[in-house]
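Notes for the one structure printed next.
The values are calculated or read from the model by the stated rules, or taken from the named source; none is laboratory data. This structure is a prediction, so every number in the text was calculated from the model and none was measured. Backbone-built Cβ (ideal geometry, glycine too); neighbour counts: all protein chains shown.
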Amino acid sequence: MTDQKAAIITGGSSGIGRAAAIALAKQGVKIAIAARRAKEGEETVRLVKEAGSDGIFVKTDVANENDVRSLVEKTVKTYGRLDYAFNNAGIEETPTSLVDQTSEVFDQIMNVNVKGVWLSMKYEIPEMIRTGGGAIVNTSSGAGVIGYPQQPIYIASKHAVLGLTKSAALEYAKSGIRINAIAPGVTETEMVERVAEDDKQLIESIKSITPIGRIGDPQEIANAVVWLLSDKASFVLGHTLLVDGGAVSR
(Lines give C-alpha, C1' and ligand atoms only; values in the text may rest on other atoms or scores of the structure.)
Protein backbone atom coordinates (compact mmCIF):
# COMPACT_ATOMS: atom_id res chain seq x y z
CA MET A 1 0.00 0.00 0.00
CA THR A 2 1.29 3.44 -0.93
CA ASP A 3 0.22 7.06 -0.90
CA GLN A 4 -0.92 6.58 -4.50
CA LYS A 5 -3.79 4.36 -3.35
CA ALA A 6 -7.31 5.42 -2.39
CA ALA A 7 -10.04 3.68 -0.44
CA ILE A 8 -13.70 4.06 0.43
CA ILE A 9 -14.93 3.06 3.87
CA THR A 10 -18.66 3.05 4.50
CA GLY A 11 -19.86 3.17 8.07
CA GLY A 12 -16.65 5.02 8.81
CA SER A 13 -17.93 7.37 11.50
CA SER A 14 -17.08 5.10 14.43
CA GLY A 15 -16.13 1.63 15.60
CA ILE A 16 -14.63 -0.84 13.14
CA GLY A 17 -14.92 1.54 10.19
CA ARG A 18 -13.01 4.29 11.98
CA ALA A 19 -10.35 1.85 13.19
CA ALA A 20 -9.87 0.53 9.66
CA ALA A 21 -9.60 4.07 8.28
CA ILE A 22 -6.83 4.95 10.71
CA ALA A 23 -5.00 1.67 10.06
CA LEU A 24 -5.07 2.22 6.29
CA ALA A 25 -4.05 5.85 6.70
CA LYS A 26 -0.95 4.75 8.59
CA GLN A 27 0.01 2.85 5.43
CA GLY A 28 -0.41 5.96 3.30
CA VAL A 29 -3.80 5.15 1.80
CA LYS A 30 -6.09 8.11 1.13
CA ILE A 31 -9.55 7.56 2.56
CA ALA A 32 -13.08 8.63 1.63
CA ILE A 33 -15.19 8.23 4.74
CA ALA A 34 -18.88 7.59 4.08
CA ALA A 35 -21.52 7.77 6.80
CA ARG A 36 -24.78 9.45 7.67
CA ARG A 37 -23.41 11.30 10.70
CA ALA A 38 -21.38 14.28 9.56
CA LYS A 39 -19.81 15.30 12.88
CA GLU A 40 -18.53 11.81 13.61
CA GLY A 41 -17.44 11.30 10.00
CA GLU A 42 -15.42 14.52 10.02
CA GLU A 43 -13.78 13.38 13.24
CA THR A 44 -12.64 10.22 11.49
CA VAL A 45 -11.18 12.35 8.70
CA ARG A 46 -9.28 14.35 11.31
CA LEU A 47 -7.86 11.12 12.76
CA VAL A 48 -6.93 9.92 9.26
CA LYS A 49 -4.95 13.10 8.66
CA GLU A 50 -3.39 12.82 12.10
CA ALA A 51 -2.27 9.31 11.09
CA GLY A 52 -0.37 10.80 8.17
CA SER A 53 -2.65 10.51 5.14
CA ASP A 54 -5.44 12.46 3.48
CA GLY A 55 -9.17 11.98 3.84
CA ILE A 56 -12.55 13.38 2.88
CA PHE A 57 -16.00 12.91 4.33
CA VAL A 58 -18.98 12.23 2.08
CA LYS A 59 -22.36 12.17 3.75
CA THR A 60 -23.89 8.93 2.49
CA ASP A 61 -26.91 6.74 3.02
CA VAL A 62 -25.75 3.46 1.51
CA ALA A 63 -29.36 2.43 0.85
CA ASN A 64 -29.72 5.41 -1.51
CA GLU A 65 -28.35 4.73 -4.98
CA ASN A 66 -27.73 8.38 -5.78
CA ASP A 67 -25.73 8.79 -2.58
CA VAL A 68 -23.55 5.78 -3.34
CA ARG A 69 -22.97 6.88 -6.93
CA SER A 70 -21.98 10.34 -5.71
CA LEU A 71 -19.67 8.85 -3.08
CA VAL A 72 -17.70 6.91 -5.67
CA GLU A 73 -17.67 9.81 -8.12
CA LYS A 74 -16.38 12.24 -5.50
CA THR A 75 -13.70 9.80 -4.36
CA VAL A 76 -12.41 9.33 -7.90
CA LYS A 77 -12.63 13.05 -8.64
CA THR A 78 -10.60 13.81 -5.51
CA TYR A 79 -7.98 11.05 -5.71
CA GLY A 80 -8.08 10.00 -9.35
CA ARG A 81 -8.69 6.34 -8.62
CA LEU A 82 -10.23 3.75 -6.31
CA ASP A 83 -8.13 0.80 -5.16
CA TYR A 84 -9.79 -0.47 -1.98
CA ALA A 85 -13.24 -0.55 -0.46
CA PHE A 86 -14.42 -1.61 2.97
CA ASN A 87 -18.20 -1.87 2.73
CA ASN A 88 -18.88 -1.78 6.43
CA ALA A 89 -22.08 0.22 6.98
CA GLY A 90 -24.72 -1.72 8.85
CA ILE A 91 -27.47 -1.49 11.43
CA GLU A 92 -28.65 -3.84 14.13
CA GLU A 93 -32.00 -5.36 15.02
CA THR A 94 -33.62 -5.00 18.43
CA PRO A 95 -34.00 -8.56 19.75
CA THR A 96 -37.65 -9.43 19.10
CA SER A 97 -39.59 -12.55 18.24
CA LEU A 98 -39.84 -13.14 14.50
CA VAL A 99 -43.65 -12.95 14.54
CA ASP A 100 -43.52 -9.58 16.26
CA GLN A 101 -41.19 -7.94 13.75
CA THR A 102 -42.59 -5.50 11.21
CA SER A 103 -42.21 -5.02 7.47
CA GLU A 104 -40.70 -1.60 8.19
CA VAL A 105 -37.93 -3.14 10.29
CA PHE A 106 -37.30 -5.81 7.66
CA ASP A 107 -36.99 -3.25 4.87
CA GLN A 108 -34.76 -0.94 6.89
CA ILE A 109 -32.28 -3.65 7.85
CA MET A 110 -32.17 -5.26 4.42
CA ASN A 111 -31.82 -1.89 2.67
CA VAL A 112 -28.76 -0.90 4.69
CA ASN A 113 -27.08 -4.24 5.34
CA VAL A 114 -27.69 -5.93 1.99
CA LYS A 115 -28.73 -3.38 -0.61
CA GLY A 116 -26.03 -1.04 0.71
CA VAL A 117 -23.31 -3.62 0.08
CA TRP A 118 -24.71 -4.42 -3.37
CA LEU A 119 -24.91 -0.74 -4.37
CA SER A 120 -21.42 -0.08 -3.06
CA MET A 121 -19.91 -2.88 -5.15
CA LYS A 122 -22.03 -1.89 -8.16
CA TYR A 123 -20.31 1.51 -8.34
CA GLU A 124 -16.90 0.62 -6.89
CA ILE A 125 -16.10 -2.27 -9.21
CA PRO A 126 -16.16 -0.34 -12.53
CA GLU A 127 -13.71 2.23 -11.14
CA MET A 128 -11.37 -0.49 -9.92
CA ILE A 129 -11.49 -2.19 -13.31
CA ARG A 130 -10.66 1.15 -14.96
CA THR A 131 -7.33 1.36 -13.10
CA GLY A 132 -6.40 -2.31 -13.28
CA GLY A 133 -8.03 -3.92 -10.26
CA GLY A 134 -8.47 -3.61 -6.54
CA ALA A 135 -9.71 -5.27 -3.39
CA ILE A 136 -13.01 -5.17 -1.53
CA VAL A 137 -13.96 -6.35 1.95
CA ASN A 138 -17.62 -6.56 2.93
CA THR A 139 -18.71 -6.67 6.56
CA SER A 140 -20.80 -9.68 7.49
CA SER A 141 -20.77 -11.03 11.05
CA GLY A 142 -20.39 -14.16 13.07
CA ALA A 143 -24.17 -14.00 12.74
CA GLY A 144 -23.66 -14.53 9.03
CA VAL A 145 -22.64 -18.14 9.51
CA ILE A 146 -24.89 -19.25 12.41
CA GLY A 147 -28.40 -18.58 13.65
CA TYR A 148 -29.83 -17.69 17.01
CA PRO A 149 -33.23 -16.53 18.25
CA GLN A 150 -34.83 -13.10 18.15
CA GLN A 151 -32.64 -11.45 15.52
CA PRO A 152 -33.80 -13.29 12.39
CA ILE A 153 -33.74 -10.29 10.04
CA TYR A 154 -30.29 -9.12 11.05
CA ILE A 155 -28.94 -12.66 10.77
CA ALA A 156 -30.58 -13.12 7.36
CA SER A 157 -29.00 -9.86 6.18
CA LYS A 158 -25.54 -10.94 7.23
CA HIS A 159 -25.96 -14.33 5.54
CA ALA A 160 -26.95 -12.41 2.41
CA VAL A 161 -23.74 -10.37 2.51
CA LEU A 162 -21.79 -13.61 2.23
CA GLY A 163 -23.80 -14.64 -0.81
CA LEU A 164 -23.15 -11.31 -2.49
CA THR A 165 -19.46 -11.55 -1.64
CA LYS A 166 -18.96 -15.06 -3.01
CA SER A 167 -20.87 -14.40 -6.21
CA ALA A 168 -19.14 -11.09 -6.94
CA ALA A 169 -15.75 -12.59 -6.10
CA LEU A 170 -16.18 -15.27 -8.75
CA GLU A 171 -17.54 -12.84 -11.33
CA TYR A 172 -14.73 -10.28 -11.06
CA ALA A 173 -11.70 -12.41 -10.20
CA LYS A 174 -10.46 -12.29 -13.79
CA SER A 175 -10.81 -8.50 -13.71
CA GLY A 176 -8.16 -8.25 -11.02
CA ILE A 177 -10.55 -7.58 -8.16
CA ARG A 178 -10.41 -9.63 -4.98
CA ILE A 179 -13.60 -9.61 -2.94
CA ASN A 180 -13.81 -11.12 0.54
CA ALA A 181 -15.87 -10.73 3.70
CA ILE A 182 -14.99 -10.13 7.32
CA ALA A 183 -17.16 -11.74 10.00
CA PRO A 184 -16.51 -10.05 13.35
CA GLY A 185 -17.64 -11.49 16.62
CA VAL A 186 -19.10 -9.21 19.28
CA THR A 187 -16.88 -6.13 19.28
CA GLU A 188 -16.74 -3.05 21.46
CA THR A 189 -18.70 -0.67 19.22
CA GLU A 190 -21.64 1.73 19.54
CA MET A 191 -23.88 -0.91 17.97
CA VAL A 192 -23.09 -3.42 20.71
CA GLU A 193 -23.54 -0.73 23.35
CA ARG A 194 -27.04 0.01 22.02
CA VAL A 195 -28.02 -3.65 22.01
CA ALA A 196 -26.68 -4.08 25.55
CA GLU A 197 -28.55 -1.07 26.95
CA ASP A 198 -31.62 -3.14 27.74
CA ASP A 199 -29.64 -6.11 29.03
CA LYS A 200 -26.84 -5.12 31.39
CA GLN A 201 -25.66 -8.73 31.70
CA LEU A 202 -25.40 -9.29 27.95
CA ILE A 203 -21.72 -8.43 27.58
CA GLU A 204 -20.70 -10.53 30.58
CA SER A 205 -22.74 -13.42 29.21
CA ILE A 206 -21.03 -13.11 25.83
CA LYS A 207 -17.60 -13.04 27.47
CA SER A 208 -18.40 -16.18 29.42
CA ILE A 209 -19.27 -18.19 26.30
CA THR A 210 -16.51 -16.80 24.06
CA PRO A 211 -13.48 -19.11 24.18
CA ILE A 212 -11.01 -16.23 24.33
CA GLY A 213 -12.90 -14.83 27.32
CA ARG A 214 -13.63 -11.31 26.11
CA ILE A 215 -15.24 -9.29 23.34
CA GLY A 216 -13.25 -7.86 20.44
CA ASP A 217 -11.55 -4.53 20.03
CA PRO A 218 -12.26 -2.60 16.80
CA GLN A 219 -8.54 -2.47 16.05
CA GLU A 220 -8.40 -6.27 15.98
CA ILE A 221 -11.06 -6.36 13.27
CA ALA A 222 -9.37 -3.51 11.40
CA ASN A 223 -6.09 -5.43 11.34
CA ALA A 224 -7.82 -8.32 9.58
CA VAL A 225 -9.50 -5.96 7.10
CA VAL A 226 -6.19 -4.33 6.21
CA TRP A 227 -4.64 -7.75 5.64
CA LEU A 228 -7.47 -8.85 3.36
CA LEU A 229 -7.13 -5.67 1.32
CA SER A 230 -3.35 -5.98 1.04
CA ASP A 231 -1.21 -7.94 -1.39
CA LYS A 232 -0.35 -10.26 1.49
CA ALA A 233 -3.79 -11.79 0.88
CA SER A 234 -3.26 -11.97 -2.89
CA PHE A 235 -4.50 -15.58 -3.17
CA VAL A 236 -7.55 -15.08 -0.91
CA LEU A 237 -10.80 -14.76 -2.84
CA GLY A 238 -14.46 -15.19 -1.91
CA HIS A 239 -13.45 -15.99 1.65
CA THR A 240 -15.22 -15.21 4.91
CA LEU A 241 -12.69 -14.44 7.62
CA LEU A 242 -14.07 -15.01 11.11
CA VAL A 243 -12.51 -12.71 13.70
CA ASP A 244 -14.55 -13.70 16.71
CA GLY A 245 -12.40 -15.08 19.50
CA GLY A 246 -13.53 -18.59 18.66
CA ALA A 247 -17.21 -17.90 19.30
CA VAL A 248 -18.52 -19.70 16.24
CA SER A 249 -16.17 -22.65 16.75
CA ARG A 250 -17.20 -23.42 20.31
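Scanning segment 136-176 for residues that are closer than 16 Å to Leu237 by Cβ and of a type in the set (Ser, Thr, Tyr) gives Ser140, Thr165, Ser167, Tyr172, Ser175.
In the set Ile155, Ile206, Ile221, Ile179, only one residue is surrounded by fewer than 18 Cβ atoms within 10 Å (Cβ to Cβ) and either in a helix (DSSP H, G or I) or in contact (Cβ under 8 Å) with a residue 24 or more places away in the chain (or both); that residue is Ile206.
Of the residues making up segment 135-152, those that are buried (at least 20 other Cβ atoms within 10 Å of the Cβ) and more than 15 Å from Leu242 (Cα to Cα) are Ala135, Ile136, Gln151.
Within 24 Å of Lys158 (Cα to Cα), of a type outside the set (Val, Ile, Thr) and at pLDDT below 95: does that describe Glu104? No.
Under the condition of being surrounded by fewer than 24 Cβ atoms within 10 Å (Cβ to Cβ) and of a type in the set (Val, Ile, Thr), the residues counted in segment 46-71 number 2. Pairs meeting the criteria (first residue in segment 31-43 and part of a strand (DSSP E or B), second residue basic (Lys, Arg) and modelled with pLDDT of 95 or more, beta carbons under 9 Å, at least 6 apart or on different chains) are Ala32/Lys74; Ile33/Arg18; Ala34/Lys59; Ala35/Lys59. Of the residues that make up segment 126-134, is at least one modelled with pLDDT under 95 and surrounded by 15 or more Cβ atoms within 10 Å (Cβ to Cβ)? The answer is no, given that none of the residues of segment 126-134 is modelled with pLDDT under 95 and surrounded by 15 or more Cβ atoms within 10 Å (Cβ to Cβ).
Restricting to segment 139-166, what's the tally of residues that are out of contact with any His (no Cβ under 7 Å at 6 or more places or on another chain), of a type outside the set (Lys, Arg) and under 22 Å from Ala224 (Cβ atoms)? Final tally of qualifying residues: 17. Would segment 74-82 turn up any residue that is in a helix (DSSP H, G or I), touching a Phe, Trp or Tyr at 6+ places or on another chain (Cβ under 9 Å), more than 19 Å from Lys158 (Cβ to Cβ) and not aliphatic (A, V, I, L, M)? Scanning segment 74-82, I find no residue that is in a helix (DSSP H, G or I), touching a Phe, Trp or Tyr at 6+ places or on another chain (Cβ under 9 Å), more than 19 Å from Lys158 (Cβ to Cβ) and not aliphatic (A, V, I, L, M), so the answer is no.
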